[in-house]
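Reading through the structure tokens given below for one structure.
The values are calculated or read from the model by the stated rules, or taken from the named source; none is laboratory data. Note that this is a predicted model, so its numbers are computed, not measured. With ideal geometry, Cβ positions are generated from the backbone for all residues, glycine too; neighbour counts draw on all protein chains shown.
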Amino acid sequence: MELLKQVIGELRPKKDVVDKCTAVLDSINSEIKKKKIKARAVLGGSIAKGTFLKDDYDCDIFVKFNLSYRKKDISDLLEKILKIFPKAERIHGSRDYFNLKSNGINFEVVPVLNIKKAEQAVNITDCSPLHVKWVRDNLKKNPKLADDIRLAKAFCKSCNVYGAESYMRGFSGHVLDILVIYYKGFIPLLKNAVKWKEQEVIDFNNYYKGSALERLNKSKLSPLIVIDPIQPERNASAVLSRKNFLFFKKSAKNFLKKPSKRFFKKKEITIKELKEKSKGKNLVLLDVKALDGKEDVVGSKLLKAFNYINKNLVLNGFTVYEKGWKWDKKKKALFWFILKNEILPEYFKRIGPPIKNKENVKQFMKKHKKTFIQGKRIYAKVKREFRKPEDLIKAIKKDKYLKERTKKIEMFIY
């Protein structure tokens with residue numbers, strides 16, 4: 001359709017991005033040669049596949065070490081190679097990798113063993129170049145699918161269901177690659193997604209011959225099961241949450257019913273919009289400074305902090321109409337809560353046991369001074385600790401739980 005042609009034109013990146021990435025790649029390979037290490041750096045991720053989006057990419061580079069280095073620490077070897085980039089930062093993981101910035105692009109440089117099949121892998125990352133090869137091989141057969149993958153990524157980003165990180169639990173780029181290739185296009189993917197049942201199985205190579213649910217480890221099951229074509233024992237979409245699965249289905253249905261460019265543009269909520277939304281209500285904005293560390297870990301801590309604040313607001317009797325958070329994936333996050341504009345009563349009614357349970361009633365009366373009988377139960381009149389949301393948040397900001405998950409929280413009330 002004409003609309004998708006226009007969107008694709010807006011999503012395709014400039015060629016100079018690949019040239020900038022190749023320049024860094026060449027520098028790394030030159031250094032490998034100088035140091036006489038049996039390894040080769042190759043492009044990875046969506047840039048290698050030719051499916052990356054305009055103005056929205058980081059560049060993955062895999063440094064493939066000869067299998068003779070199987071028992072050596074290839075992260076240490078890579079660190080020596082990357083000394084040509086003085087600001088390269090070592091990131092700790094199941095196998096350490098490196099972040100660096102060059103030519104205005106963020107690079108993730110990952111050491112892997114140069115395996116030919118998944119069974120040879122020592123670490124999960126060893127299989128990553130095989131995934132790239134699988135996508136490229138399939139795109140050679142049907143080149144137009146590269147743009148369809150771009151559409152799927154932009155669609156999921158717009159719906160806020162993109163990313164396999166633990167704080168997102170959405171669709172990874174790898175899963176979208178498989179789905180678009182499996183269904184042979186973006187629109188066929190959406191048409192089939194509308195019909196997905198929970199625990200729908202996508203098995204590209206028909207490895208399980210219809211018995212994936214019975215044969216897969218139960219811990220790997222999720223609302224959508226996507227059998228990894230390279231590692232069939234793995235459900236590539238194991239992290240996908242039910243909420244994001246259902247929202248993707250709903251968004252697919254809405255797009256097919258009424259196609260629009262808005263489904264491909266991520267709408268960033270602004271403070272101005274939040275103020276408009278909350279007219280006549282109470283808007284609490286929290287300017288949150290994130291901790292340092294790996295994106296997945298930091299994001300997960302921010303999500304837990306957000307949920308902790310929301311839970312405390314609800315438990316203390318505040319009515320939360322709407323809530324949300326956003327993070328720049330660096331230092332700054334914004335939490336917002338739209339609440340009922342009220343000062344809570346000084347006392348609240350706490351429900352007690354049925355009056356026929358005499359021993360429990362006795363204990364309840366010991367615990368609470370002001371009690372009364374209503375119907376067949378005893379109740380207590382309890383003084384509130386917090387009557388305004390700002391007083392509650394000021395207090396819980398000091399909690400160890402929040403201090404371990406955020407660096408600093410500033411509050412603004414409108």
Residues located in the range 332-349, provided they are out of contact with any helix residue (DSSP H, G or I) (no Cβ under 6 Å at 6 or more places or on another chain), under 24 Å from Lys266 (Cβ atoms) and surrounded by 14 or more Cβ atoms within 10 Å (Cβ to Cβ): Leu334, Phe337, Ile338
task: With the checklist (1) among the hydroxyl-bearing types (Ser, Thr, Tyr); (2) in contact with a Phe, Trp or Tyr (Cβ under 8 Å, 6 or more places away or on another chain); (3) at pLDDT below 95 in hand, flag the one item Tyr308 doesn't pass.
output: (3)
- line: Screening Lys279, Lys311, Lys289, Lys323 for residues that are on the phi < 0 side of the Ramachandran plot, surrounded by 13 or more Cβ atoms within 10 Å (Cβ to Cβ) and either of a type outside the set (S, T, N, Q) or in contact with a strand residue (DSSP E or B) (Cβ under 8 Å, 6 or more places away or on another chain) (or both) leaves only Lys323
task: Of the numbered conditions (1) out of contact with any strand residue (DSSP E or B) (no Cβ under 7 Å at 6 or more places or on another chain); (2) loosely packed, with under 13 Cβ neighbours inside 10 Å, Asn357 fails exactly one; give the number of that condition.
output: (2)
field: Counted residues, the range 56-97 - those being out of contact with any strand residue (DSSP E or B) (no Cβ under 9 Å at 6 or more places or on another chain) and of a type in the set (A, V, I, L, M, F, W, C)
entry: 1
Where a residue in the range 315-333 is of a type in the set (Val, Ile, Thr) and its partner, wherever it lies, is assigned to a strand (DSSP E or B), with Cβ under 7 Å and at least six apart: Thr319/Leu339; Val320/Phe337; Val320/Leu339
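Residue-by-condition table, conditions (1) at pLDDT 95 or above; (2) outside any helix (DSSP H, G or I):
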site: Ile8; (1), (2): yes, no
site: Val18; (1), (2): no, no
site: Ile28; (1), (2): yes, no
site: Lys36; (1), (2): yes, yes
site: Val42; (1), (2): yes, yes
query: What number of residues in the range 101-141 are modelled with pLDDT of 95 or more, closer than 21 Å to Thr51 by Cα, over 25 Å from the mean Cα position of the chain (by Cα) and not basic (Lys, Arg)?
result: 3
Selection count, the range 295-344, where residues are among the basic types (Lys, Arg) and in a helix (DSSP H, G or I): 3
task: Sort through Asn316, Asn307, Asn282, Asn341 and tell me the only one that's closer than 30 Å to Tyr414 by Cα and touching a Pro at 6+ places or on another chain (Cβ under 7 Å).
output: Asn282
query: Any residue at all in the range 149-162 that is closer than 22 Å to Cys59 by Cα and without any contact (Cβ under 8 Å) to a residue 40 or more places away in the chain?
result: yes
